[in-house]
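Chemist: Here it is, the structure in full.
The values are calculated or read from the model by the stated rules, or taken from the named source; none is laboratory data. Everything numeric here is computed off the predicted structure, so don't read it as measured data. Note that each Cβ is placed from the backbone with ideal geometry, even for glycine, and that neighbours are counted across all protein chains shown.
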Amino acid sequence: MPAPKAIPVIDLLDSDLSSSGSQDEVGRQSAKKRKLEHDIEEKVHLTDDSDGGPVKPKKRKPKRKALGKQKRGSSRRQGGVKSEGDDDPLELSGIPDYLQQRRREFDANKKAHHETALMLPPDYTGVDFDESGRLCDIQERPDFTGDSGVKPSRPYKDIEMPQSAGLIPASIARYLRDYQVTGVAFLHKKFVYQEGGILGDDMGLGKTVQVAAFLTAAFGKTGDERDSRRMRLMRLYNDRWYPRVLIICPGSLIMNWKNELNKWGWWHVDLFHGSNKEDVLGTARAGLLEIMITTYDTYKNNRSSINMVQWDAVIADECHRLKDRSSATTKAMQEINALCRIGLTGTAIQNRYEELWTLLDWTNPGHFGTSGEWARTITKPLTVGQSHDATMAQLSLARQTAQKLVQNLLPRYFLRRMKTLIAHQLPKKTDRVVFCPLTDLQKEAYENFLHSGEVDTLRTLSDTCEHGKAKGWCCSRFLPGGTPWQNIVFPSMIVLQKLANHLTLMVPKTTDVDTKHETELKTLQMCVPDIWKELYNNRDQIRSLVNPEFCGKWKVLKKLLKFWHSNQDKVLVFSHSVRLLRTLQHLFTSTSYTVSYLDGSLSYEARQETVDNFNSDPNQFVFLISTKAGGVGLNITSANKVVIIDPHWNPSYDLQAQDRAYRIGQTRDVEVFRLISLGTVEEIVYARQIYKQQQANIGYTASSERRYFKGVQEDTERKGEIFGLSNIFTFHDDSGLLREIVNKTNIAETKAGVHLVDVDMDKAAEEGEALGVKKEENEDDDEDGGLSQLAELLKVKDQQKLLASRKATSHKTDAVQAILKSAGIEYTHDNSEVVGSSKIEEQLSRRAAMTSYAEGDLEGQSTLFADSGEETDGELLHGTYNPPDEVQLRQFCEMAREFGFINATEFALVVEGWSQESRRNCLNIFYRKRKAKLISEGFVRKEEEHLQGGTKSSDVDSKRHIDSTPAKVETPTRVKTEQSPVKQESVRSNPAKQEDVGVENEIDDQAFNLDGAKKKMSIFLSDDDEDDEL
């Protein structure tokens, strides 16, 4: 703790500005000075004032577990620091006595001595560095050569941080981007005031570099070789404070941290890891070490001795390792002897919102209430409001809660920036999800397992038994053999994942213990009764692996690899199953490809050596990598293709795997292919990934994510399509699960959009409502997802010629599409099109966020996306059932004529290349045109266009005859004309980020004129067919 000393007055602000504010603005406002008092003891609550900061809570009874008598009495021993009647967050959080003592001493010292008690940079007054007139020749770091490709981002000039009296030396500052300077200021301010915080930047934004710059400022270093002597010289001044910092990271990153620190400065740093741990710790106790680096496991096993040192800051890299508050590592980290706790992670929310609370509570114990309070005020509103079946009131509460979380609570303690900040410095990345059909043999084995008695028990656990209770907690608590059903849940899910990837994974390993061997052999016999002997007897022979009927994904991957090899690409193949990786490694023996391999069995040094060889050797083609062992910390920018062979339940694993190739230093466009076995448990896994990614986006940015799923996480009454054992142990055949969910959401949004905007088409065109965001000039047409194609077709005279040229180039530009088609792939989509928001969802959410509903408000209880089965006849303008094929064909042809196409085939060719966003936009135009036409012809009253419930069919039928059979807009699969059938194929395309407002004006009444004749125009669209993507 620094002793009070005379220092220049620090410029401090009247308001605690967000850390994202610019340093220039801070400097301008710093003329008004004051003594800044951060009340570390305050607990943050959400408020209704969106512009206000965190406020102190009202008094409440403690809800955490009571501490021991010794801890409860600690505050009395400290002389009444806590005011009578108040709850002390330090005691409520259960942190050790020595930390409570340090906190109270720091706060008391700050109250008495103000700025002089803060952790300002060390005082080097009078310290002789013996420059001897050689300042012009002094060496600086970092020292990047021309071959490194790293170029300065700003002039060679020091950067001052007025809010924390820190300084980033010019040698480092010139290589920092603006957002990194902001991050350094955020971290240094936390250090000066001994608070905790999380730097939650997206992967690849340089969190390590920001920490190196922050530490340079915290130690008051100058970025040159004089820094190597600072600690030794400061030892001569026993009354002066000098920092000691602890860095804790995963074992795979321990050497990377040491190397990066030495790259960015001169540091006395050592590793508390291996055989000489005690010597390193002794050096740290003696104050002869600036930074000590260790791993989570090493700290956990040696925390008593490590916590004998009063660390001035602890930096926890990849701190999402602490997301489980009940884990031994998290409990050990709660005892860390440091007041300033900095967490680094790009994935603070991986599975649920409680993980964010756990990390925040570690950085600032007691500030965020109990986990139960967080669940009640944050988790429940956000998860319930994100349901497909959410009511207006639930959506309103969810969006308001997200805004308060992001705007009021997080800015002080959580700083996150996205990779879009450096998008201009990176090539393009596409993330295509490929739904691979099982082979006939795989499908038979999968269904055999699902039809077994034990799995059937798991699938029906929630069904009601004859006693009126759930079977799993009454009549079916035990399996026929007497085993509790809980014992087979996880093993059964593993079997499904094996069957979805490669049948030979089902064969017991020779090294398995007898009981496991016997169990797996019985499962193999049940799944493939006809060929189990062949598989078992040939289990150690490579030739048994190459049977194409054993793995549907290998059929796809083999074709893609052949194409990539001819283009001199490099490929990373990730799997979280080491056995599957070994199987793939054996499969590659039948090819001429060079293959590298990395899993957890390799030492950290061997892993880096393997990576270096793959990056430097142009002949290396495929790199097989374990998702867990190689998904973090590796730089493999020589590869430009990434294949996720099997999805992980935790989406961050797959995202981190992608970033091994897609990061700073990558020079080629990166293509990611996620292989998902159609209709299997892998679709559930991927759907959960979407759900979790949406949760993270909402928690970070309060975004309006599309509401695909009816289920609510951890709500047993609302399991929906992706939660619960019944969904996991169901085979969705060839139709697939995600395709149906996405398509029905598209239709539901379109139906909701009909009543969301007015039908004044002129006004809609002016405001850009019909076709979305205005398009910037000179922007590439392929960025609008297909709507510019529609405008171009409507303008051009020779449409046939244009379509012919477009078809000729499409085959050249997307050879991968043809490869996937030849491998039997019928459906793919771009992950970025699915995860995120849509225009209609944003409008619905914005409207909901601006409205508050009282309890019992009927309008707030209405659902936005009503199920077709729950709609009453005539309540909406849309049909609610699946019409015959001929009616679907007639409807699609009618839409083609409406948009001015020569025939339905030409229209189908255009629709085939559209993104889902573009198809929704097209439907919006179609609906609005129809509704406007009905109004103009007097068949619908003008005032009815604003009714939320839609137009009663009885009102319409009384004035006009409408086709009694609802027709449906159908994708090209259903189009059958005399020319040639057009087969649907989902095509990768860019999301419709921006569209041309002028297209609306081009689609005028003349373009839709059907030879001046009034014809019956059905406005009914069904939402029940899973194939509808328009």
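Chemist: Pairs needed: first member in the range 280-309, outside the structural domain of LYS258 (by TED's automatic domain parsing) and more than 22 Å from ALA328 (Cα to Cα); second member anywhere, among the acidic types (Asp, Glu) and in a loop (DSSP other than H, G, I, E, B); C-beta distance under 9 Å; at least 6 residues apart or different chains.
Modeler: Pairs that qualify, where the first residue is outside the structural domain of LYS258 (by TED's automatic domain parsing) and more than 22 Å from ALA328 (Cα to Cα) and the partner is among the acidic types (Asp, Glu) and in a loop (DSSP other than H, G, I, E, B): there are none.
Chemist: I would also like to ask the following. Consider ASN613 against the criteria (1) of a type outside the set (Val, Ile, Thr); (2) in a loop (DSSP other than H, G, I, E, B); (3) without any contact (Cβ under 8 Å) to a residue 40 or more places away in the chain: it satisfies all of them except one. Which criterion is unmet?
Modeler: With respect to (1) of a type outside the set (Val, Ile, Thr); (2) in a loop (DSSP other than H, G, I, E, B); (3) without any contact (Cβ under 8 Å) to a residue 40 or more places away in the chain, ASN613 is out only on (2).
Chemist: Does ALA932 satisfy the criteria of being at pLDDT 75 or above, hydrophobic (A, V, I, L, M, F, W, C) and within 39 Å of the chain's Cα centre (by Cα)?
Modeler: Taking the combined requirement at face value, the residue does not satisfy it.
Chemist: Tally up the residues in the range 806-827 that are modelled with pLDDT of 85 or more and not small (Gly, Ala, Ser), please.
Modeler: 8
Chemist: Being in a loop (DSSP other than H, G, I, E, B), at pLDDT below 70 and crowded, with 19+ Cβ neighbours inside 10 Å is the filter here, so list the residues in the range 871-904 that pass it.
Modeler: If the condition is that a residue be in a loop (DSSP other than H, G, I, E, B), at pLDDT below 70 and crowded, with 19+ Cβ neighbours inside 10 Å, then LEU876, LEU877, HIS878, GLY879, THR880, PRO883 are the ones that fit.
Chemist: Now for a separate question. Where the second residue is in a loop (DSSP other than H, G, I, E, B) and among the small types (Gly, Ala, Ser) and the first is in contact (Cβ under 8 Å) with a residue 60 or more places away in the chain and lies in the range 625-637, which pairs have Cβ atoms under 8 Å and are six or more apart or on separate chains?
Modeler: Listed pairs, sorted by first residue: ALA629/GLY600; ILE636/ALA661.
Chemist: For the range 414-442: of the residues being among the polar types (S, T, N, Q) and in a helix (DSSP H, G or I), which is surrounded by the fewest Cβ atoms within 10 Å (Cβ to Cβ)?
Modeler: Looking at the filtered set, the residue picked out is THR420.
Chemist: Could you tell me which residue of the range 543-598 is surrounded by the most Cβ atoms within 10 Å (Cβ to Cβ), considering only residues that are part of a loop (DSSP other than H, G, I, E, B) and charged (D, E, K, R)?
Modeler: LYS570
Chemist: Taking the range 723-744 as the search range and keeping residues that are without any contact (Cβ under 8 Å) to a residue 60 or more places away in the chain and assigned to a helix (DSSP H, G or I), which one is nearest to ASN831 (Cα to Cα)?
Modeler: The extreme case among them is ILE741.
One line per residue, one yes/no per condition, for (1) aromatic (Phe, Trp, Tyr); (2) over 16 Å from the mean Cα position of the chain (by Cα); (3) crowded, with 23+ Cβ neighbours inside 10 Å:
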{"position": "ILE625", "(1), (2), (3)": "no, yes, yes"}
{"position": "LYS628", "(1), (2), (3)": "no, yes, no"}
{"position": "VAL632", "(1), (2), (3)": "no, no, no"}
{"position": "SER638", "(1), (2), (3)": "no, yes, no"}
{"position": "ASN650", "(1), (2), (3)": "no, no, no"}
{"position": "ASP654", "(1), (2), (3)": "no, no, yes"}
{"position": "ARG663", "(1), (2), (3)": "no, yes, no"}
{"position": "ASP669", "(1), (2), (3)": "no, yes, no"}
{"position": "ARG674", "(1), (2), (3)": "no, no, yes"}
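Chemist: Then there's this: Could you pull out the residue among SER452, SER492, SER462 that is more than 30 Å from MET203 (Cβ to Cβ), hydroxyl-bearing (Ser, Thr, Tyr), touching a strand residue (DSSP E or B) at 6+ places or on another chain (Cβ under 9 Å) and in contact (Cβ under 8 Å) with a residue 24 or more places away in the chain?
Modeler: Criteria check complete, one pass: SER462.
Yes/no per residue for (1) of a type in the set (Gly, Ala, Ser); (2) part of a loop (DSSP other than H, G, I, E, B); (3) over 39 Å from the mean Cα position of the chain (by Cα); (4) surrounded by fewer than 16 Cβ atoms within 10 Å (Cβ to Cβ):
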position: LEU215; (1), (2), (3), (4): no, no, no, no
position: THR222; (1), (2), (3), (4): no, yes, no, no
position: MET231; (1), (2), (3), (4): no, no, yes, no
position: TYR237; (1), (2), (3), (4): no, yes, yes, yes
position: ARG240; (1), (2), (3), (4): no, yes, yes, no
position: ILE247; (1), (2), (3), (4): no, no, no, no
position: SER252; (1), (2), (3), (4): yes, no, no, no
position: MET255; (1), (2), (3), (4): no, no, no, no
position: GLU260; (1), (2), (3), (4): no, no, no, no
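Chemist: Looking only at the range 144-174, count how many residues are at pLDDT below 90 and either outside the structural domain of PRO121 (by TED's automatic domain parsing) or among the charged types (D, E, K, R) (or both).
Modeler: The number of residues fulfilling the criteria is 2.
Chemist: Does ARG325 satisfy the criteria of being assigned to a helix (DSSP H, G or I), in the same structural domain as LEU233 (by TED's automatic domain parsing), under 30 Å from GLY720 (Cα atoms) and modelled with pLDDT under 95?
Modeler: So ARG325 does not fit the description; no.
Chemist: Sticking with this one: Starting from the range 101-112, keep only residues that are touching a residue at least 12 places away in the same chain (Cβ under 8 Å) and outside the structural domain of LEU339 (by TED's automatic domain parsing), then list their pairs with residues that are polar (S, T, N, Q) and part of a helix (DSSP H, G or I) whose Cβ atoms are within a distance under 7 Å, requiring at least 6 positions of separation or different chains.
Modeler: No pair meets every condition.
Chemist: Counting only residues that are touching a residue at least 40 places away in the same chain (Cβ under 8 Å), of a type outside the set (S, T, N, Q) and assigned to a helix (DSSP H, G or I), which one in the range 360-377 is surrounded by the fewest Cβ atoms within 10 Å (Cβ to Cβ)?
Modeler: Ranking the qualifying residues of the range 360-377, first place goes to GLY372.
Residue by residue, here is whether (1) at pLDDT 85 or above; (2) in a loop (DSSP other than H, G, I, E, B); (3) surrounded by 15 or more Cβ atoms within 10 Å (Cβ to Cβ); (4) among the polar types (S, T, N, Q) holds:
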site: HIS829; (1), (2), (3), (4): yes, no, yes, no
site: GLU833; (1), (2), (3), (4): yes, no, yes, no
site: ILE840; (1), (2), (3), (4): yes, no, yes, no
site: LEU844; (1), (2), (3), (4): yes, no, yes, no
site: GLY856; (1), (2), (3), (4): no, yes, no, no
site: GLY860; (1), (2), (3), (4): no, no, yes, no
site: ALA866; (1), (2), (3), (4): no, yes, yes, no
site: GLY869; (1), (2), (3), (4): no, no, no, no
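Chemist: Go through the residues of the range 271-284 one by one and say whether even a single one is hydroxyl-bearing (Ser, Thr, Tyr), assigned to a loop (DSSP other than H, G, I, E, B) and either over 30 Å from GLU717 (Cα atoms) or touching a Leu at 6+ places or on another chain (Cβ under 8 Å) (or both).
Modeler: yes
Chemist: OK, next. LYS522: surrounded by fewer than 16 Cβ atoms within 10 Å (Cβ to Cβ) and not in a helix (DSSP H, G or I), yes or no?
Modeler: Against the criterion (surrounded by fewer than 16 Cβ atoms within 10 Å (Cβ to Cβ) and not in a helix (DSSP H, G or I)), LYS522 does not qualify.
Chemist: Does any residue of the range 655-671 turn out to be among the hydrophobic types (A, V, I, L, M, F, W, C) and over 19 Å from THR430 (Cβ atoms)?
Modeler: Looking for residues that are among the hydrophobic types (A, V, I, L, M, F, W, C) and over 19 Å from THR430 (Cβ atoms), one finds none in the range 655-671, hence no.
Chemist: Given the criteria under 28 Å from SER652 (Cβ atoms) and polar (S, T, N, Q), does ASN337 qualify?
Modeler: So ASN337 does not fit the description; no.
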